[in-house]
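The values are calculated or read from the model by the stated rules, or taken from the named source; none is laboratory data. What you are looking at is a predicted structure, and each value in this text was computed from that prediction instead of being measured. Virtual Cβ from ideal backbone geometry, glycine too; neighbours counted across all protein chains shown. When the accessible area is computed, the model is the full protein with side chains, heavy atoms only, and any ligands, DNA or RNA have been set aside. Shrake-Rupley method; radii C 1.70, N 1.55, O 1.52, S 1.80 Å.
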Amino acid sequence: MSKSSRHRNKKFKYAATGVLISDKPDLKGDWLNIFILLLLYTLQGLQLGLTNAIPILLQSNKNVTYQDQAVFSLVMWPYSLKLLWAPLVDALYVKKIGRRKSWLIPVQYIMGSFFFYIADDINNLLPETEKPNIEKLVNVFFVASFLVSTQDIAVDGWALSMLKKNNVGYASMCNTSGLAIGSMIGSMGFTLLTSKDFCNKYLRVTPDSEGIVTMKQLLYIWGIIFMFITTLIAIFKKEKDCSLEDDHVKLSTFQSYRLLWGICKLPSIQIFAIALLTVKVGFAATISMSNLKLIDAGVSKDDMMIINTSIIITKIILPLVIARFTSGPKPMSIYLKATLIKLLWNIAFIMLIYYTPKLIKNNGAINIPIYYYAILVIILSIQEILSYTMFVALLSFCSKISDPRFGGTYMTLFNTLSNLGQAWSTSTALGIVDLLTFKECSFDSKNNCSTLDLKKTCRIEGGDCVVTVNGYYIEMVLCTIFGIIWYRSFKNILKNLQMICPSQWLVNYVKQSITENSENSENSENSENEFTVTEQ
């Protein structure tokens, strides 16, 4: 091999890692791209905020069970399954439009249209007094999650090529801050601005029978915003043509799925996958049920939204601060420290849920003191700080080890593993909490209050369903023990993974030799598109 060939191979190898270790981040020339990525992730967060607000609205309805909540949690599964179609997003596109814009533009237009559809049917999806149609609600929001998860694939892939290689670590900052802003707008707007009680108490001088806006009006506004921003990006934002770069590889759909299989066979990926699929078990009960338990205890949904909004500044600013540390060479060390502290913080939630009824009730009437709100804000704020520290550190690590040539597939694989780990653990936690909880009617010990009908029967007879064994506390203890075992098992493994050679995270697509025989010149172009998967 000639000296120039070795130099080109060395250059290719470094380019494939997505970042040159010696290069320091420099945002000069990338500020507009940072803003665009923040905007795109904010749009994604808007739908996520709406989806996250639904369980709180359902729980305040008092006509749903934790089994219903477990069924609704299935709407988040597209985020865990998007790996199935991520190779299609990487492989199929119109070159004149752009590799990522070919998917981003139509998907966001459909998402905007979907907001219009939900607006027209919102009264049937979320009736004020009757039991919601959980099955229809799940179907509608499952489709919405499928659309936004497809948008996420395109944006994650575009971030790796939109930013300069030495700035890709800031993609995680755009992701977390944008999602926080969008989620705040989506959840707060849908619950507070449409709430009669909240608007009359805080935003109006003269009480009215409705919120400042109705759910239908708000959904229409969001749909218009989606359409407007998508049109601006389609017209004014040009996508970089990576096919002009020396290390660019164009794959067919079959080759994209083959690439995915090659990535999954890498030993480093397999170990990392096991860690991501199991880490969220330690926080499953806290994530899925703590807010719902607070509502059951007497804290209103409006209060919960106000508190979540009060710490939104933390959610937005925190990734900007954390990015300074996680953009370094050891983001997983920070991830592990935050994981351990967050596991121990489960104890704070156990204490909070246990003492909440005693602190907010006086002679059976709910009267929440100011100091309780202060305690709640502190506990939730620290939880958010730890969660976002883990999230930003993980995304920074994934951005550094992902191959930008196949960025959509790589980043989607990591996101899918993380989301799947949370989806299965939280759905399981919600699904079994009723099995671990034992109740009985105060007037009839044979009535275990296990269904809505039995609960109504108990109330008709003048009794109350009294909890004898609370499954929430059992789950919290079991999850925390599992999390500590996970930490001891993966601590050194993850520290070692961030120190291994970058090439061990890559799948090398080696072009087959092309005959120089002029008789085969007609087939040379096809030969260049055939690849053999080999580990570097």
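Rank-order 87-99, 381-393 by packing density, defined as the average count of other C-beta atoms within 10 Å over each peptide's residues, highest first.
Numbers: 87-99: 18.4, 381-393: 21.3.
Ranked by mean Cβ neighbours within 10 Å, highest first: 381-393, 87-99.
Of ARG100, ARG488, ARG258, which has the most accessible area and how do the rest follow, probe 1.4 Å?
On the way: ARG100 5, ARG488 190, ARG258 95 Å².
Largest to smallest exposure gives the sequence ARG488, ARG258, ARG100.
On the full set of protein chains, 1.4 Å probe, figure out the accessible area of THR231 and give it in Å² to the nearest 10.
Here the accessible area works out near 50 Å².
Once R0 is set to 22 Å, what does the formula 1/(1 + (r/R0)^6) return for the Cβ-Cβ distance between ASP120 and ILE366, expressed as a FRET efficiency to the nearest 0.05?
Values: r = 36 Å, r/R0 = 1.64.
FRET efficiency, ASP120 to ILE366: 0.05.
Largest first, what is the accessible-area ranking of CYS479, CYS465 with a 1.4 Å probe? Don't jump to the answer; show the numbers that get you there.
Values: CYS479 20, CYS465 50 Å².
The residues order as CYS465, CYS479, largest area first.
If I model a spin label as a point 7 Å beyond the Cα along the Cα-Cβ vector, how far apart are those points for ALA348 and TYR473 in nm?
Distance between label points: 2.1 nm.
Can you give the extra length, in nm with one decimal, that the chain gains between SER310 and ASN496 once fully stretched, where that is 0.36 nm per residue apart less the Cα-Cα distance?
Values: separation 186, 0.36 × 186 = 66.96 nm, distance 3.84 nm.
Here the answer is 63.1 nm.
Which of the residue pairs LYS165/LYS342; LYS342/LYS495; LYS165/LYS337; LYS265/LYS491 have a Cα-Cα distance greater than 24 Å in the structure shown? Before the final figure, lay out each step's value.
Numbers: LYS165/LYS342 32 Å; LYS342/LYS495 18 Å; LYS165/LYS337 27 Å; LYS265/LYS491 22 Å.
Where the Cα-Cα span goes over 24 Å, the pairs concerned are LYS165/LYS342; LYS165/LYS337.
Residue separation times 0.36 nm, minus the C-alpha to C-alpha distance between ASN448 and ALA234: what's the value?
On the way: separation 214, 0.36 × 214 = 77.04 nm, distance 5.80 nm.
Working it through step by step, the gained length comes to 71.2 nm.
Could you compute the FRET efficiency for LYS28 and LYS216, with r as their C-beta to C-beta distance and R0 at 51 Å, rounded to 0.05? Could you put the intermediate results ahead of the total?
Values: r = 45 Å, r/R0 = 0.88.
Using R0 = 51 Å, I get an efficiency of 0.70.
Quick check: pseudo-label points 7 Å beyond the Cα along Cα→Cβ at LYS456 and GLN67, how many nm apart are they?
For the pair LYS456/GLN67, the computed spacing is 1.5 nm.
In nm, to one decimal, how far is the LYS358 label point from the LYS265 one, both placed 7 Å along Cα→Cβ?
Label at LYS358, label at LYS265, 6.0 nm between them.
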